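The values are calculated or read from the model by the stated rules, or taken from the named source; none is laboratory data. Quick caveat, the model's predicted, so the values are computed rather than measured. Please note: Cβ atoms are built from the backbone with ideal geometry, for glycine as well, and neighbour counts cover all protein chains shown.
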Amino acid sequence: MSFAIRSFPRNLSVECSAESAQFALPARGAFAPVPSDKKASSIGSVTGRVHAIRNLAADMVKVVISTDEQLEILPGQHVQVCISGFPSRVYSPTVPLKEPVDNRKICFHVRRVANGRVSSALGAAIGPGRKASISRPEGSAFLRPGLSNRLVLVSSGAGFASVWSIAHAALRENAEREIVVIAEAKHRGDLYLANALVRLAACPNVRVHPVIRAADKPQSAFWINNPLVFMPRLSPDDIVHAFGAPLLVEGVASVARTAGALCYAEPFVAAELEATP
Ligand SMILES: Cc1cc2nc3c(=O)[nH]c(=O)nc-3n(C[C@H](O)[C@H](O)[C@H](O)COP(=O)(O)OP(=O)(O)OC[C@H]3O[C@@H](n4cnc5c(N)ncnc54)[C@H](O)[C@@H]3O)c2cc1C
């Protein structure tokens, strides 16, 4: 049994060896079929333009970039997005919930951070039509194909974009796969993809735990707690993916390590921290 953390903090990848038919999945497209080997493949970077920007929640924005070529992205990977006139930022592509999938459009969920040079400009200085380039996809926290192990998918904030894309692809591959989703948000309003959670929860083989940390007008559907409390008892057969706040991701990785479960974790580290050696 082995355990390894690769290149923390930018890419904390931890490895420990060791009635879903109703789930109406969008058509194939934005996410290429998961290849049969374990290596992610890509065609390189592509250029494009900002196609649409839409508010999803108080501080969450959906950004759609139309690309000149199709980019092959595996669920759970991330890309560097450079919008003309702004510094590049790392974002995690996701699957649209309602719209039909378009191979030439890549969808992101971006959290506005206070004084964020890019996120604060979305919908203001950055609008539709602005040129953009997207790097070839990176990251090893992508969904491995052809497996039936239970998936435990944990996210905070915009990390749900990756969780949604992985759950979507996993259920498309095997509609009966057992999945546990733990989606954490700071506030109730941040659970911006409630519709996705509801759809996932409708699958008998999928357990969903929406968690908020702050008790602002809580609803009974949302737990107020530390998301780690909702981690199921793990076995070495489980596969865990975690995306979002570094503290949460580290906590999840630690729980997985203790259980000997395979864990792929991607902390959303701020660009300035990434640059720090
Ligand atoms: C692998 C990976 C995947 C990512 N995927 C996504 C994604 O899908 N969606 C998304 O919204 N973001 C994602 N991020 C984070 C994203 O790359 C940017 O760091 C973030 O959007 C802030 O950029 P900005 O230009 O708005 O802020 P900056 O100008 O870089 O920072 C402004 C201020 O905000 C602080 N800050 C920056 N980021 C955060 C943060 N996450 N939490 C708290 N404070 C912060 C900075 O320390 C600074 O003080 C990801 C990061 C990584 C490493």
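Annotations for the structure displayed:
- The residues of segment 114-134 that are surrounded by 14 or more Cβ atoms within 10 Å (Cβ to Cβ) and within 12 Å of the ligand (Cβ to nearest atom), listed by number, are 116, 118, 119, 120, 121, 122, 126.
- Filtered residue count, segment 148-203, keeping only those that are in contact with a Ser or Thr (Cβ under 6 Å, 6 or more places away or on another chain) and within 16 Å of the ligand (Cβ to nearest atom): 7
- Criterion violated by residue 12 - all others in (1) modelled with pLDDT of 85 or more; (2) assigned by TED's automatic domain parsing to the domain that holds residue 200 satisfied: (1)
- Filter result (over 28 Å from residue 113 (Cβ atoms) and not polar (S, T, N, Q)) within segment 128-168: 144, 145, 146, 147, 150, 151
- The criterion of being within 27 Å of residue 59 (Cβ to Cβ), crowded, with 22+ Cβ neighbours inside 10 Å and more than 16 Å from the chain's Cα centre (by Cα) holds for residue 212.
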